[in-house]
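Report on one structure; see the data block that follows.
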Amino acid sequence: MARKLAPALAVLSAILLSAALSISYTADFGLAYQGGVEAWNSGHPQRLLTWTGTPFYAVVMAAVSQMARVDLAARVFSTINVVFWGALLNIMWTRMSDRVPSTFWWVTCVAALLFAPAISTIFWLQPNLIVFGLALAGFVLVGRRDPLGGFLIGLSIALKPIVILLPLALLLRRQTREAGIWAIATTAVLSFAGLGFLAWRAGDASVLNPIDYLAGFLSKGRGPIAACVPENYSPVALLCRLGVEPSTSVTIAVAAAVLVIGWLLLRRLPDSPEARWELFAVACLLSGMLGPIDWASYGVLMAPLFFLLAYQFWRESAPPPLWIGLGLAFLLAELVWDPLESLAQTPVPVVVFSYTAGQFSQYVLLLVWIRWRQLRPIAVWSSVLRP
């Protein structure tokens, strides 16, 4: 079965790559490129309204801006994104090929191939898949007691902190605490190195102050491009759309609530290989809810929990309501195919509706997992007693 996957993924990757390269726009990569130019020229990329990146990402984009034109760099980035995504799917489904029936394997494979947040990431030219892949590789190495694991997770967060809760989750367990410390230390070192680069380019030592940089990011979360727009899936933006004006205090309160929820959910997970993957999946999911900005394409962080729950539901015969909840979460995630919707000139009301409904995918998925954690001991015991 595994041999059938590689040609299919190769064909799909070629189609996606051809489609991505045929569209002459630079999308979010172009905005990041402008930030890199500003970082090189003035050391102040945060002056741009569209810049919400980290100091280390500013260093990377500054280097890119000095090596290639934006159109060429965007095409190279698109190629890397598609190849990276195809390789990730190939690895995951090849490893699963001998553990599940062929029907289940093909259904989940097609669902993964059509996972809208991943498609949106590719066509928005965002680094989410690459950043997520680094964190995933780091987590695998952490399980093998490889010190490189903590470094890769820290590198992922320093580039783009979409898995920012993962090091904190690692700190909850004695076996992974050292890796969590290494991940936090790596993030700090790379971030301060980025600030050092920006201070050098600005000729101003005050740029080294991380508080000012963080305050600038939080203010962008309250700005017109993120605060209340339906494309922003963060709880802060949801509260804004419900009439609660975004502020630093609201952002801190939401972050604190997410941290407490994460601690309550993860602290009692048993020490087993499968439970460690649950820790990774839930930490990824909650990471997207932590800050004031959570674009629909960040839904790639839901993929591990979708994958894990589907496998557990099949193996342990989960009740139909949970399958329905999982399917509903997936369908909600599939509603948003931007920028393809915009390029196809989809009516604005349809796009707004898809974003408005799609934001609840993450909450439905989390509730399904919580309910499954409540029922699972019964399900496992029943499977043991079943003749």
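Note on surface exposure: Arg373, Arg69 rank Arg69, Arg373 by accessible area, highest first, 1.4 Å probe.
The packing ranking of peptides 217-225, 266-274, highest mean first, is 217-225, 266-274, where packing means the average number of other beta carbon atoms within 10 angstrom of each residue. Across region 139-152, computed HN-Hα scalar couplings (Karplus, 6.51 cos²θ - 1.76 cosθ + 1.60, θ = phi - 60°) run 5, 4, 5, 4, x, 9, 6, 8, x, 5, x, x, 5, 5 Hz from first to last residue, x flagging Gly and Pro. Here the 3J(HN,Hα) profile of region 236-253, calculated from phi with Karplus coefficients 6.51, -1.76 and 1.60 at θ = phi - 60°, is 4, 5, 4, 4, 4, 5, 8, x, 8, 5, x, 7, 4, 5, 5, 4, 5, 5 Hz, Gly and Pro shown as x. A 1.4 Å probe run over the chain, with the rest of the protein chains in place, finds 46 Å² accessible per residue.
For Arg201, the accessible area of its heavy atoms, probed at 1.4 Å with every protein chain present, is near 70 square angstrom.
Centre-to-centre separation between the Cα atoms of region 25-59 and those of region 346-368: 29 Å.
In terms of its alpha-carbon gyration tensor, region 91-187 comes out oblate; a/c meets the 1.5 threshold, while b/c is at least as large as a/b.
Calculated [222 nm] ellipticity per residue, helices only, for the chain: -23500 deg cm²/dmol; basis is -39500 (n - 2.57) per DSSP H run with n ≥ 4, divided by all residues, nearest 500. Of all the options Val110, Val70, Val82, the one that moves most in a Gaussian network model of the chain with Cα springs shorter than 10 angstrom is Val110.
Report the local net charge at Phe123: Lys and Arg +1, Asp and Glu -1, summed over other residues whose C-beta lies under 12 Å from its C-beta. Value of the local net charge: -3. As a fraction of the 1.4 Å probe accessible area of the chain, surface on carbon and sulfur atoms comes out at 70 percent. Note on Phe84: accessible area approximately 70 square angstrom, rounded to 10, probe 1.4 Å, nucleic acids and ligands left out. Accessible surface ranking for Leu195, Leu141, 1.4 angstrom probe, highest first: Leu141, Leu195. Among the listed values (1) 1.09; (2) 0.94; (3) 0.98, the one computed from these coordinates for Cα Rg over 2.2 N^0.38 Å is (3).
Sorted largest first by accessible area at a 1.4 angstrom probe radius, with every protein chain in place, the residues Leu343, Leu308, Leu239 fall in the order Leu343, Leu239, Leu308. Is region 223-358 rounded, prolate or oblate when judged by the Cα gyration tensor, a ≥ b ≥ c being the square roots of its eigenvalues, rounded requiring a/c under 1.5 and prolate requiring a/b larger than b/c? Oblate shape, in that a/c is at least 1.5 and b/c is the bigger or equal ratio.
The values are calculated or read from the model by the stated rules, or taken from the named source; none is laboratory data. Remember, it's a predicted structure, so these values are computed and weren't measured experimentally. No Cβ is skipped: glycine too gets one built from the backbone with ideal geometry, and neighbour counts run over all protein chains shown. Surface areas here come from the heavy atoms of the whole protein model, side chains and all, with no ligands, DNA or RNA. Shrake-Rupley method; radii C 1.70, N 1.55, O 1.52, S 1.80 Å.
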